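Coordinate-derived values only; no laboratory data. These figures come from a predicted structure and were not determined experimentally. Don't worry about glycine lacking a Cβ; one is built from the backbone with ideal geometry, like all the others, and counts go over all protein chains shown.
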Amino acid sequence: MKAAVLYEANQPLVLEDIELDPPKAGEVHVKIGAAGICRSDLHVMKGEANHLLPAVLGHEGSGTVLDVGPGVSRVRPGDRVILSFVPYCGHCHFCLTGRANLCDLHGATPGTLFDKTTRLHKGAQRIHHYGKVACFAQEAVVPETGCIPVAKDFPLPQAALIGCCVTTGVGAAMFNAKITPGSTVAVVGCGGVGLNVVQGARLLNAGKVIAVDINEGKLEFAMGFGATHTVNPTLRDPVAAIKELTGGLGADYTFEVFGSSETLLTAYNAARKGGTVVVVGLAPVGDNAAIDPVALVRQEKTLKGCYYGSSRPALDMPVMVQLYQAGKLDIDGLITRTYRLDQINQAYRDIDGGEAGRGVITQF
Ligand code: COD
Ligand code: ZN
């Protein structure tokens, strides 16, 4: 099958034929129907995030089940599925305490399936699976718990986006911050994921939603997803601007949705006393952010990490599906570009070049 392979950081993805082995016990073979272009893959491509290489990237995917390995009971051939990039073991402390997004076995098996082997290879060379999804390919083999079934007529691009940016962004607002009605919110970074924090805040009836981005086009786009105010840090100090918009207090909730120490500090400093700072982005490996420990105590801020929207993918993705179907989440409007798999390097130049909304590969 055809797949886009990353052999080395800062090199283009190579579109080539590689082998995909059949699913083992508890695994599912999926024909990929849609794959979203998310910045997390770009962090790996640029060497800002560590991953075993070579690898097939792509963690925002959906598709149709082709066949299943022994013991699989949740899905059958022909089923349409959202792919979760944190499949879960169901046995570790975190799975048992309702935090499947933090599954230990998933964390302990990076780049492979749960048995520490790959189904992807080229001849004798092992090729890793990014997020146990690896959807920049015509097909994938994934763990059964990484498959969330949707109706057979649910659109595949929208399903793919629920697999990452919708659940990550809306979940950050809904499950992690638990935004309360009327509160003030600032979202630093309004790309595919940040836009979903913005629309999550709208859904939760936030009072003011301040979009912060260095790109004017993205700020304008964010207004269509519920932002009530915009701030461009290239034009003025974002912390001062957010304070001004919140009666001098700072925002009740701030979100970092780009991945850098600079944007983390913007989010941290723009939160009011007693406010909550939710960090969604992963800063480059080795980066550090200086938080004043005295101010942390005296100002009683809460600084929290948030992975996969603090969601339980198998339970919460169907909620996103329902909210979309009820017209409460706009996923159609997020999709601004579609590509063929062989245009993937262009797709990543576009996200890095500042195109608003989400790109999706729809032809394989
Ligand atoms: N201030 C404000 N905005 C900025 C700044 C800045 N200094 N610099 C860049 N931005 C904006 C960009 O203009 C862009 O609009 C936005 O930040 C980022 O958007 P995208 O579309 O490029 O990125 P997303 O939304 O696809 O991804 C954002 C993440 C934070 C999810 C990603 O970068 C990340 O850190 N991923 C790692 C965390 C993780 O693994 N999450 C789970 C899988 S996504
Ligand atoms: Zn993503």
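Spin-label point model (7 Å from Cα, Cβ direction): what's the THR234 to ASP350 distance in nm?
Result for the modelled spin labels: 2.1 nm.
Within the set of other residues whose C-beta is less than 10 Å from the C-beta of GLU60, count the net charge using Lys and Arg as +1 and Asp and Glu as -1.
The answer is 0.
With a sphere of radius 15 Å drawn around the Cβ of GLU216, what net charge do the other residues whose Cβ falls strictly inside it have (Lys, Arg +1; Asp, Glu -1)?
Every neighbour counted, the sum reads -1.
Suppose a student asked you for the relative contact order of the chain, using Cα pairs under 8 Å spaced at least 6 residues apart; what percent would you report?
It comes to 18 percent, rounded to a whole number.
Quick check on the exposure proxy: order LYS132, LYS328, LYS218 from fewest to most C-beta atoms within 10 angstrom.
With the fewest neighbours first, LYS132, LYS328, LYS218 line up as LYS328, LYS218, LYS132.
Return ILE148, ILE351 ranked ascending by Cβ neighbour count within 10 Å, so the fewest neighbours appear first.
ILE351, ILE148
How far apart, in nanometres, would the label points at THR180 and ARG126 be if each is projected 7 angstrom from Cα along the Cα-to-Cβ direction?
Taking the two extended label points, one gets 5.0 nm.
Count the net charge of all other residues whose Cβ sits under 12 Å from the Cβ of THR167, scoring Lys and Arg as +1 and Asp and Glu as -1.
Working: positive: ARG312; negative: GLU60, ASP316.
Overall, the nearby charge balance is -1.
Using a Förster distance of 35 angstrom, determine the FRET efficiency expected from the C-beta separation of ILE291 and LYS24, and round it to 0.05.
0.20
Quote the charge dipole size of the chain about the Cα centre in Debye, to the nearest 20; the model charges only the Cβ of Lys and Arg (+1) and of Asp and Glu (-1). Numbers along the way, then the final one.
Values: 32 positive and 34 negative charges, 154 e Å.
Its charge dipole is roughly 740 debye.
Post the alpha-carbon centroid distance, region 267-325 to region 133-211, in whole angstrom.
Result: 14 Å between the Cα centres.
Rank the residues CYS164, CYS92 as a footprinting-exposure proxy: fewest other Cβ atoms within 10 Å of their Cβ go first.
CYS92, CYS164
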